[in-house]
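**Student:** Just passing along the structure, written as structure tokens.
A short reminder: the numbers here are calculations on the coordinates, not readings from a lab. Predicted model, so just to flag it, every value in this text is computed and none were measured. In this analysis, Cβ positions are derived from the backbone assuming ideal geometry, glycine residues included, and neighbour counts consider all displayed protein chains.
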Amino acid sequence: MASERPTILVVEDDATLVLGLEINLRAEGFRVLSARDGQTGLRMGLEQNPDLAVLDLGLPGMDGLDVLAEWRRRGRELPVIVLTARATLDDKVLGLGQGADDYLTKPFRIKELTARIRAALRRAGLGRGPRRVQLGEVEVDLDARRVSRAGAEMALTAKEFDLLAFLIERPGRVFSRERLLEAVWGMDYDGTDRTVDNFVRSLRVKVEADPAEPRHVVTVRGAGYRFEA
Ligand code: CA
């Protein structure tokens, strides 16, 4: 299910390692984005709203620690696991002091990385939030995939539910229409921003007390949508 696949951003300049991580992390059920240099990684971390970043420190263009510092300076709270060939304690301490959540020294085993990723996602609360959410009269049960209003079951389409669940599982974060299309409909779907807007409109009719004044699926002008409990 699209809404249950966390997105991992891999920022790493070693092409072979990136390829290996992409294949293995996808096989583990993650959605994977990758960048080969610091600036691109910085930008993708800001624009694509990944759930977690795996960040190499020695990168062309912009050092990994500078990328991390810039994300934090701009208020990006995503969990970051630092990859480093620099096995010295100083670098590790520096990485954690800059706001890294964990680090792994190269070479590492993929199983070790996926275990650390899952642990960091759990600590960040992803997939551990409440599975039943009450929105005024509307109750959403994420596990049973049911939505009811004042006790009466509402019929949501699969995509309406996926979109709602994706946002509920990531409260308070803004997602662009493009990002929502990828997350809910998949990379290959030939949709447009309008597709997302249309689904949001029909979703609001079903879950908002007043669809004209939405309080839960909120439009963020010029950016996209955000869920508020
Ligand atoms: Ca490197």
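**Student:** Could you check the range 111-157 and list, in sequence order, the residues that are under 30 Å from Ala100 (Cα atoms), touching a residue at least 12 places away in the same chain (Cβ under 8 Å) and touching a helix residue (DSSP H, G or I) at 6+ places or on another chain (Cβ under 8 Å)?
**Tutor:** Leu113, Thr114, Ile117, Gly127, Gly129
**Student:** Follow-up question, since we're still on this one. Is it the case that Leu156 is surrounded by 12 or more Cβ atoms within 10 Å (Cβ to Cβ), more than 17 Å from the chain's Cα centre (by Cα) and under 30 Å from Asp14 (Cβ atoms)? Walk me through it before giving the result.
**Tutor:** Details: surrounded by 12 or more Cβ atoms within 10 Å (Cβ to Cβ): yes; more than 17 Å from the chain's Cα centre (by Cα): yes; under 30 Å from Asp14 (Cβ atoms): no.
The answer is no for Leu156.
**Student:** Condition (residue is within 13 Å of the chain's Cα centre (by Cα) and under 21 Å from Glu47 (Cα atoms)) applied to the range 193-201: is it met by at least one residue?
**Tutor:** Among the residues of the range 193-201, not one is within 13 Å of the chain's Cα centre (by Cα) and under 21 Å from Glu47 (Cα atoms), which makes the answer no.
**Student:** Is at least one residue of the range 44-63 within 15 Å of the ligand (Cβ to nearest atom), of a type outside the set (D, E, K, R) and surrounded by fewer than 14 Cβ atoms within 10 Å (Cβ to Cβ)?
**Tutor:** Residues of the range 44-63 within 15 Å of the ligand (Cβ to nearest atom): 53-63.
Narrowing the set further to residues that are of a type outside the set (D, E, K, R) leaves 53-55, 57-62.
Retained after the next criterion (residues that are surrounded by fewer than 14 Cβ atoms within 10 Å (Cβ to Cβ)): 60.
Yes, the range 44-63 contains a residue that is within 15 Å of the ligand (Cβ to nearest atom), of a type outside the set (D, E, K, R) and surrounded by fewer than 14 Cβ atoms within 10 Å (Cβ to Cβ).
**Student:** Residues to consider are Arg179, Arg201; find the one that is without any contact (Cβ under 8 Å) to a residue 60 or more places away in the chain and assigned to a helix (DSSP H, G or I).
**Tutor:** None of the others qualify; the one that does is Arg201.
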